[in-house]
Every structure is written in C-alpha cells, then in structure tokens.
Amino acid sequence: MSGGGKGRAISVRALAIGLLGSAVVTLWIHQAELILGATRGHTALANTSIPVGAFAGLFVLVGVNAAIRSIRPSAALSQGEMITAYVMMTTSTVLASSGGIHFLVPTLAAAFHFASPANRWAEFHQHIPIWFAPRDTAALADFYVGGSPVPVDVWITPFLAWGGFFLALALATLCLSSLLRREWVDHERLTFPTVVVPLELTDQQQPLLRSRAMWIGFGVAFAIGTINNLHLNFPDVPGLYVRNVDVSPYLPTFPWNCVEYFPVGFYPFVVGIAYMLSLEVTFSYWFFYLLTKVQLIAFGAAGWRLPGSPMDAAVPYLPYQGAGAFLAIPLISLWIGRRHLKQVVRSALGLTARLRGEAQEPLPYRWAAIGLLVSLAAMVYMCWAAGMNVSFAVLLLGTALLYILAATRIRAEAGNAWLFGPQVDPNTLITRTFGASLLRPADLTIMAYLRFMSTFDLRCLSMPHQLDGFRMAGTARIPMRPLAAAMLAAIAVVIVLGFWSGLAIWYRLGAASKTDWWRTYMGQVPFISLHSYLQSPPRPNYAGAAFTGLGFAVTCLLAFLRARYVWWPFHPVGYAMVNTGLWGQLPVPFFIAWAIKSLTLRYGGMRLYRRSLPFFLGLIMGDLVNGAFYTLLGGLIHMNVYPVNW
C-alpha cells in the first residue's frame with residue numbers, strides 16, 4: 001500500500017468539506033432510499049463496507065482537487081485533508097440509513113399508530129415511557145399519510161432521548177476503537193482491505209488513476225452495471241444478470257432439497273475486495289459455506305430436519321452456531337491482545353507511566369476508558385429510566401457490543417461487503433436462551449425499541465469506519481486526536497440532520513404512501529415479535545443454546561489451531577461469516593478471488609500480484625461509481641435503477 005501526501009491534514013477547509021459532505025450524503029441517502037427506492041430502485045448508499053455515498057463524495061473531491069492542482073498547485077488539498085473529509089463522511093452518514101435512523105424513526109411511530117383491538121398492542125403501551133415515542137394520534141396519522149409539516153413539538157422529546165442514545169453509542173465505539181487501535185493496527189497488523197482504495201485514490205506520489213489495469217477493471221464493472229440499467233429501462237436490451245440466482249430448484253428430490261436457498265451471484269466490487277484478503281480467509285469462507293449445505297443435506301437424510309424447516313428451529317441450528325461464533329470472535333480478539341490491554345488498564349488507572357506512543361493515539365487511554373464506561377452507563381441508565389431491569393439492560397447492551405466488536409473484527413480481516421450478524425441476534429439470543437417468561441413485559445417492551453441496534457443487520461455501524469479511519473490516519477499522516485474529534489462532530493451533525501430531514505420526507509410523502517415500504521415495515525417488526533412473546537412466551541431453547549456453545553467451541557478451536565500450526569488453512573472468521581444473514585452473496589466472488597490469487601501467487605509471485613492489483617481495485621471503483629452515478633441520475637430523471645450492491 002502506498003503512502004504519501006505531505007501537507008496539512010486536519011485543516012479548517014478539510015473539516016468544512018467533511019461536514020458539508022456528510023450533510024449532502026445524508027440528504028442523498030434519504031432521497032435515494034426513502035423516495036427513489038420506493039418505486040424505481042436504488043443502489044444502497046451506506047450499507048456496504050465501502051459506503052457508496054461517501055466514496056462518491058471522495059471520488060468527486062479527488063477529481064476537483066486534480067483540476068485545482070493543475071491550475072494552482074499550492075491550493076490543492078493534501079492526501080490527509082481528503083482522507084479526513086472521507087472518514088468524516090463514512091463514520092457519520094451510515095447512521096442515517098437502515099439499521100440507524102431509517103429503522104429507529106418508523107419504530108418510534110409504529111407502536112401507537114398500528115395498535116388495534118385485533119392485534120392487542122395496546123396491552124404493552126403502559127410500559128412505554130411518555131418520553132420514549134410520540135403518542136399524538138393525528139401527528140402519527142400524518143406521518144403515514146403525508147402532506148403535512150413535521151410537528152416538532154411531538155417529536156422533540158423522543159429526538160432528544162434517542163439522539164442522545166445514538167451519540168452515546170457512537171462515543172462508546174469511538175473509545176473502544178481508541179483502546180484497540182494499536183493492537184489491531186500496529187501489533188497484529190490486520191488487513192483492513194477497505195482502506196486500500198481510498199488511500200491509493202488520494203495518493204499524490206503514485207496515482208492510481210494513471211494505471212491502465214485499473215481503468216480496464218473499472219470499465220468492466222461499470223459496463224456490467226450500465227448494461228443492466230439499460231435493460232431495466234429498455235427491456236429489448238439484453239441484460240447481464242449477475243446477481244443471486246437460486247439453484248436449489250434444480251435439486252428437487254430428497255434429501256438434496258434440504259439444501260434450502262442456494263444462490264449463485266457475482267458482484268465485481270466483492271471480487272475486488274476479496275482479492276486483497278489472505279487466501280485462508282477466502283478459502284475458509286467458501287469451504288465452510290459448502291459445509292453448511294452438506295450439514296443441511298446430511299441431517300435431512302438422517303431424518304432430523306425436513307425441507308423448508310426454519311433454520312433456527314431444527315438441526316444443525318446454523319443461526320445459533322453463528323451466534324456462538326459472534327460471541328467467540330471478540331473474546332478471542334481480546335485474549336490475543338491481553339498484554340496490550342493489560343498495559344492499557346494499568347495506564348488508565350494511573351498505575352504506570354503513560355505508554356510510549358500514547359500521545360499519538362486517538363484518545364489518552366484513561367479518557368478512552370472513562371468515555372467508554374460513561375457512555376455505556378448512559379445507555380444503561382436510559383433503559384433503566386424507561387423501566388427495564390438493570391441486569392437485563394446490561395446483558396442486552398453488553399451482548400450487542402460484543403456483536404458490534406465481532407462485526408468490526410471481521411471487517412478488519414475480511415472487508416465483509418455486507419456486515420450481517422447471525423439471525424439469532426442479541427435480542428433473540430437472550431429471549432430464547434432464558435425464555436421470555438423470565439423477562440417482564442416492561443423488559444421485553446424496551447428491548448423491542450432497541451432492536452435497531454440489537455438486530456442482525458449490522459451494515460450501518462460507525463465503529464468499523466472509525467477503525468478504518470484510524471488505520472488510514474497512520475498512512476496519510478493525520479493526527480488522530482483531531483481526527484477523532486472531527487468524527488464526533490460529523491456524527492452529531494448527521495444525527496440531527498438525518499433525524500429531522502427524514503421526518504420531513506415521511507411527513508411530506510407519507511411513510512405508508514410514497515416512501516420505501518420495507519423501512520416502514522421494519523418499524524412494525526419489533527412489536528409483532530413483542531406481541532408474540534407476550535401472548536405465547538417462548539420457552540428456553542436448550543438445543544439452540546447447545547449449538548451456540550458448539551459454534552463458540554468451533555471458533556475457539558479454529559483460532560487455536562491457526563495460532564499453533566502455520567499450515568492450518570481454516571480461519572475462524574470464515575466460519576463466523578457463513579452463519580450470518582448474508583444469504584450467499586459472497587461464496588462465488590470469494591471463490592473467484594481465491595482461485596485467481598492462488599494461481600497468481602503460484603506462477604507469478606508477489607510481483608505479478610502487485611501488478612494485477614490495480615485491476616481489482618478498478619473493479620471496486622467501477623462498481624461503486626456506477627451505483628452512485630445511476631442512483632443520482634435516477635433522482636434527476638424518471639428511470640429505474642439497477643442496484644449494484646444488493
């Protein structure tokens with residue numbers, strides 16, 4: 001990975017560009033995903049490991065900067081300034097999309113609006129604090145119908161409560177990132193594949209944009225997306241259907257039909273990211289993916305499961321295996337870094353002098369530890385004040401934080417294009433392990449509101465982008481403490497702008513009228529589950545708990561064998577990824593990247609790998625720029641948009 005780019009990094013203009021870019025991308029996300037996505041499709045602008053919206057902003061910035069440099073070189077932005085603006089956009093704008101504001105706001109509106117004698121949702125209204133969500137019947141009706149201004153007085157209190165919660169969560173992950181940065185970046189030297197393209201694109205010594213191989217890869221990916229956009233709008237134009245094709249219908253006989261959904265798909269940007277991974281990660285993923293299919297067929301042949309059986313209700317309980325892996329990955333990571341963490345704790349407690357290099361860390365370790373504890377305490381306090389048992393609040397938020405840490409670790413090692421956790425998410429794991437009967441109705445009600453952060457959909461987390469930012473800061477010579485402050489400033493701006501501008505769209509067009517139906521429906525899902533738990537409390541799932549333990553043990557065993565034997569080919573991250581909600585988008589791209597990289601290294605060595613790398617970086621850039629371009633065009637003219645990343 002090349003470096004370079006002397007000059008200013010944290011400058012007033014870099015901060016201004018970062019804040020302006022964060023605001024523009026946030027509004028674009030709302031336009032694309034709430035309005036355009038309702039009828040004509042869109043590329044998701046925040047939900048991939050390299051967010052399309054923020055990357056498009058960086059791509060434009062690089063182009064404008066090149067023009068400025070040709071006219072007045074002294075006025076051009078440095079690499080550090082461009083990366084600063086990009087990091088501000090990535091860490092903040094992801095909060096505006098699904099898994100963030102797009103899930104939270106419909107959730108706040110759903111419980112009272114959709115209550116009826118038939119669904120009996122009114123039975124849990126007594127457990128919802130008055131400051132938690134709006135209750136005004138007319139205001140909620142306008143939210144779903146549209147054609148009205150935002151009733152600020154109705155929403156201001158919930159905004160202050162949940163905006164504070166969002167900010168506390170972002171601060172907690174920022175502090176945790178500060179505590180882990182040295183271990184993951186300097187000591188373990190994790191791959192961080194998603195930082196390569198932004199760094200290479202902004203490098204002023206070896207410009208990626210001059211590489212012929214990059215432009216060939218860019219052209220291939222851009223052409224595939226263009227052809228499919230033309231096909232969507234002009235059906236006579238042949239399309240290149242490279243997205244998921246389910247092959248399970250071609251296996252109709254028993255026990256092969258126990259294989260369930262078996263998609264085959266091709267995503268150019270995923271191939272590009274996978275090419276930068278270690279061979280053991282790419283091999284492990286597609287190997288364990290096929291092994292899950294073998295498990296399904298084998299247990300079906302043994303008579304232990306039927307075709308179409310729910311994954312979380314029959315052996316081999318794959319979502320529970322995934323839950324075990326997601327609990328093991330962060331604990332293994334903490335164990336590997338135990339020496340560093342011991343030094344951090346001693347430094348934070350004042351038992352030793354400040355560690356060497358601590359002054360260059362994003363936050364002093366003492367303040368990072370205090371910030372983490374205070375943020376977690378604030379979130380627990382909000383849950384307790386709302387009526388939730390403190391023990392279960394700590395358990396839920398702690399489990400959710402472990403899932404977030406697992407997702408961040410996986411991103412750092414595998415560049416996971418879509419960050420999904422196992423479908424047995426923290427909420428489900430707790431209710432199905434202990435049984436809903438042990439949780440009071442008040443506990444279950446507050447847990448329903450927290451589904452936006454305790455769900456398996458982890459695509460819009462800020463923490464992976466925070467650590468990516470700190471990783472890029474070392475190469476681009478950006479001082480990390482001002483960068484951490486810039487991240488928080490951008491996050492605060494997006495929380496405010498994203499919440500109120502989203503409300504403006506919902507009140508203008510109607511959440512149940514002319515905006516994306518899926519996000520509106522996701523606001524109802526927590527209360528559908530809540531009603532089910534209250535009416536028929538599930539008993540503890542001992543079989544599921546056993547397979548959670550199995551997943552935990554397998555992950556630990558894989559980590560142990562990988563550390564013990566250099567030749568061991570299986571990576572625990574590969575096992576953890578397969579039992580998530582990815583639905584099979586990655587196996588084919590990972591296999592293609594693994595096969596090409598294996599042959600490249602075998603017959604051409606590292607020299608050929610380095611020469612071929614720009615082509616794969618071009619695949620990433622071409623795919624993302626294509627998605628951004630046609631999504632923007634779709635908002636300007638009446639056209640259907642082919643989504644490149646879902």
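Things to note:
- Taking all Cα pairs closer than 8 Å and separated by 6 or more residues, the relative contact order of the chain comes to 33 percent.
- A straight chain from residue 367 to residue 346 at 0.36 nm per residue would run longer than the Cα-Cα distance by 6.3 nm.
- Per-atom-type breakdown for segment 512-646 gives carbon and sulfur 67% of the accessible area (1.4 Å probe, protein chains only).
- With the charge dipole of segment 341-420 set up from +1 on Lys and Arg Cβ and -1 on Asp and Glu Cβ about the Cα centre, the Cα lying farthest toward the positive end among the listed residues 368, 349, 378 is that of 349.
- Share of carbon and sulfur in the accessible area of segment 195-234 stands at 64%, probe radius 1.4 Å.
- Inter-label distance, nm, simple model (7 Å from Cα along the C-beta direction), residue 40/residue 205: 4.5 nm
- Expressed as a whole percent, the accessible area of segment 339-425 that falls on carbon and sulfur atoms is 63 (1.4 Å probe).
- You can think of it this way: the chain between residue 360 and residue 294 has 18.8 nm of extra reach, that is 0.36 nm per residue less the Cα-Cα gap.
- Only the Cβ atoms of Lys and Arg (+1) and of Asp and Glu (-1) were treated as charged; on that basis the dipole of segment 65-143 about its Cα centre amounts to roughly 280 debye.
- Sequentially through segment 307-315, phi angles give Karplus couplings (6.51, -1.76, 1.60; θ = phi - 60°) of x, x, 5, x, 4, 9, 10, 8, 4 Hz, Gly and Pro residues having no value and appearing as x.
- Sequence ranges 348-355, 634-641, 365-372, 494-501, ranked by mean other-Cβ count within 10 angstrom, highest first: 494-501, 365-372, 634-641, 348-355
- For residue 457, the amide hydrogen comes within under 5 Å of the amide hydrogens of 421, counting only partners 5 or more places away or on other chains and with H modelled in the peptide plane.
- Computed from backbone phi, the HN-Hα couplings of segment 549-563 come to x, 5, x, 4, 5, 4, 4, 5, 5, 4, 5, 5, 5, 5, 6 Hz, rounded to whole numbers (Karplus: 6.51 cos²θ - 1.76 cosθ + 1.60, θ = phi - 60°; Gly and Pro given as x).
- Over all other residues within a Cβ to Cβ distance under 12 Å of residue 322, the charged ones net out to -2, with Lys and Arg as +1 and Asp and Glu as -1.
- Among residues other than residue 434 with Cβ under 13 Å from its Cβ, the summed charge is +2 (Lys and Arg +1, Asp and Glu -1).
- Using R0 = 45 Å, the C-beta based FRET efficiency linking residue 148 and residue 12 works out to 0.70.
- Distant-in-sequence amide contacts of residue 264, defined by a placed amide H-H separation under 5 Å and a gap of 5 or more residues or a different chain, comprise 245, 246, 247.
- Per-residue HN-Hα couplings for segment 218-226 [Karplus 6.51, -1.76, 1.60; θ = phi - 60°; Hz; x = Gly/Pro]: 4, x, 4, 5, 5, 5, 4, x, 5
- Highest mean packing comes first when the peptides 597-605, 584-592 are listed by Cβ atoms within 10 Å, giving 584-592, 597-605.
- For segment 460-617, the spread of Cα coordinates along the three principal axes comes to 59, 48, 33 Å, biggest extent given first.
- Here the dipole of the chain is about 1780 debye; that uses its Cα centre as origin and unit charges on the Cβ of Lys and Arg (positive) and Asp and Glu (negative).
- Peptides 98-105, 303-310, 110-117, 51-58, ordered by how many other C-beta atoms sit within 10 Å of their residues on average, highest first, read 51-58, 98-105, 110-117, 303-310.
- Cα-Cα P(r), the chain, percent of pairs per 20 Å interval: 18, 55, 26, 1
- For segment 162-192, applying the loop criterion from DSSP together with a ceiling of 12 other beta carbons within 10 Å to the trypsin sites (Lys or Arg not before Pro) yields 189.
- Charged side chains reduced to their Cβ positions (Lys and Arg at +1, Asp and Glu at -1) give segment 271-373 a dipole of some 440 debye around its Cα centre.
- With protein chains left intact and a 1.4 Å probe, residues in segment 271-330 average 31 Å² of accessible area per residue.
- Charge-dipole axis of the chain as Lys and Arg at +1 and Asp and Glu at -1 on Cβ define it, positive-most pick from 609, 330, 518: 609
- Between residue 518 and residue 120, the C-beta separation translates, for a Förster distance of 25 Å, into a calculated FRET efficiency of about 0.50.
- Between the residues 478, 452, 488, the greatest Cα displacement towards the positive end of the dipole of segment 437-506, with unit charges on the Cβ of Lys, Arg, Asp and Glu, is found for 478.
- Per residue, in Å², the accessible surface of segment 14-91 once ligands and nucleic acids are set aside, probe 1.4 Å: 29 Å²
- Cα-derived Rg over Rh, computed across segment 161-261 with Rh taken as Kirkwood radius: 1.17
- Rg ratio (alpha-carbon, reference 2.2 N^0.38 Å) - segment 274-383: 1.66
- When you work out D = kT/(6 pi eta Rh) for segment 281-329 at 10 °C and 1.306 mPa s, using the Kirkwood radius from C-alpha pairs as Rh and the Stokes-Einstein form, the result is 137 µm²/s.
- The residues of segment 591-646 expose, per residue, 49 Å² of accessible area to a 1.4 Å probe.
The values are calculated or read from the model by the stated rules, or taken from the named source; none is laboratory data. These numbers were taken from a predicted model, which means no experiment stands behind them. Methodologically, a virtual Cβ is constructed for each residue, glycine included, from the backbone with ideal geometry; neighbour enumeration extends over all protein chains shown. What goes into the accessible areas is simple: the full protein's heavy atoms, side chains included, and nothing from ligands, DNA or RNA. Shrake-Rupley method; radii C 1.70, N 1.55, O 1.52, S 1.80 Å.
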